[in-house]
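Take a look at the structure below.
None of the figures in this text is laboratory data; all of them are computed from the coordinates on show. Here the structure is a predicted model, which means the values were calculated and not measured. Here Cβ is always computed from backbone atoms with ideal geometry, including for glycine, and neighbour counts include all displayed protein chains.
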Amino acid sequence: MAEVSEIRGGETNMAAWLLGIQTIKIQPYHLPPLGPHDVKVRIKALGICGSDVHHFKNMRCANFMVKKPMVLGHECAGIIEEVGSQVKSLQVGDRVALEPGISCQRCNLCRDGRYNLCREMKFSGSPPNNGSLANKVVHPANLCFKLPDNVSLEEGAMCEPLSVGIHACCRAEIGPDTNILIIVAGPIGLVTLLAARAFGAPRIVIVDVDNCRLSMAKELCADEIVQVSTNIKDMGEEVVKIQNAMVSRIDVSFDCVGLNKTMSTALSATGVGGKVCLIGLARTELTVPLTSAAVREIDVVGIFRYRNTWPLCIELLSTGKIDVKPLITHRFQYLH
């Protein structure tokens, strides 16, 4: 579940700098000059992502290694304090949610609309780019999305993890005829659950090894929950249990972890002609029963972060079709 920090401060811009393994210090953060298409935002709410924890504990997350002091954070929302000379869509005082990835906007992928795959992507709080766990940041105006009055700044910060679930559902083409299996009820599994329900999925089964997480999934909107083990030898029996819980065919499975067992379970449990979407990237290489999945024409798709999701996230939050507030489990105040 997410943890949201409230950022407050005086005139000196301060930030949480990661200096070494489990070493964070609040130090001055000098911002770049405000460009004509930029805005300066006072950060008011920021979620602590799993990647932030990995960086804090290990100075790396997957293949992204922290090699110099870095400001953490990328799930954020705040209030605009200054706008660039060419910014027309926003004004001082607007409450906004920030999309953290800044693409080059010039390469073929960006021009084709798949900017999340841009090789020159500068992602906040991902090495070597500084993040948003600060009093203020400078950010492109076109990546700042105005929040309606009935969407809080905390909910605005939650647009970032929610975007992962939204993008996954778009990639997997979730709709009213799609029965869904979600593997692991962690934060990303839960936002995928919320997104899939908002997309109209009629039946959703979610599995996990942890009963507390499963209870949370059931309280949200999961139709059935199934507790499994970490032992791959149990997979055969568990697949049968999962399929029985679904009652009908599993059309799409989301693997929110990316381990040999979780991906093998997804491929085995999904019905003939179905689809598996790999969201979690716990391992760089997987050994899975791909041949048996291929003869059943199981499509495998992957996602990397998200694209063009903030407007939809805000709409779903504003209309009440998605409620992320139960996912916020802790709050911390930062004063300097």
- [ ] Going by C-beta contacts inside 10 Å, put Asp94, Asp38 in order with the fewest on the left.
- [x] Asp94, Asp38
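For the chain, take the alpha-carbon Rg, divide it by the Kirkwood Rh, and send me Rg/Rh.
Taking Rg over the Kirkwood Rh, I get 0.98.
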Task: Considering only the chain, percent of DSSP beta bridges that pair antiparallel, nearest 5 - done: 55 percent
TODO: Would you please calculate the Kirkwood hydrodynamic radius of segment 165-302 over all C-alpha pairs and express it in Å, rounded to one decimal?
DONE: 14.3 Å
- [ ] Compute the FRET efficiency between Lys57 and Leu19 as 1/(1 + (r/R0)^6), taking r as their Cβ-Cβ distance and R0 = 22 Å, and round to the nearest 0.05.
- [x] 0.95
Task: Pair Thr319, Cys107: separation of 7 Å Cα→Cβ label points (nm) - done: 3.4 nm
TODO: Take Cys118, Cys169 and order them by how many other Cβ atoms sit within 10 Å, fewest up front.
DONE: Cys118, Cys169
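For a quick check of your reading of the filter: which GluC sites (Glu not before Pro) in segment 228-314 sit in a DSSP loop and have no more than 11 other Cβ atoms within 10 Å?
Glu285, Glu297
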Open item on the list: Please arrange Ser318, Ser229 by how many other C-beta atoms lie within 10 Å of their C-beta, fewest to most.
Closed with: Ser229, Ser318
Open item on the list: Assuming 0.36 nm per residue, please report the length gained on full extension of the stretch Arg114 to Phe332 beyond their Cα-Cα distance.
Closed with: 75.0 nm
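If I stretch the segment between Gln227 and Ile26 completely, what's the gain in nm (0.36 nm per residue apart, minus their alpha carbon distance), one decimal?
68.2 nm
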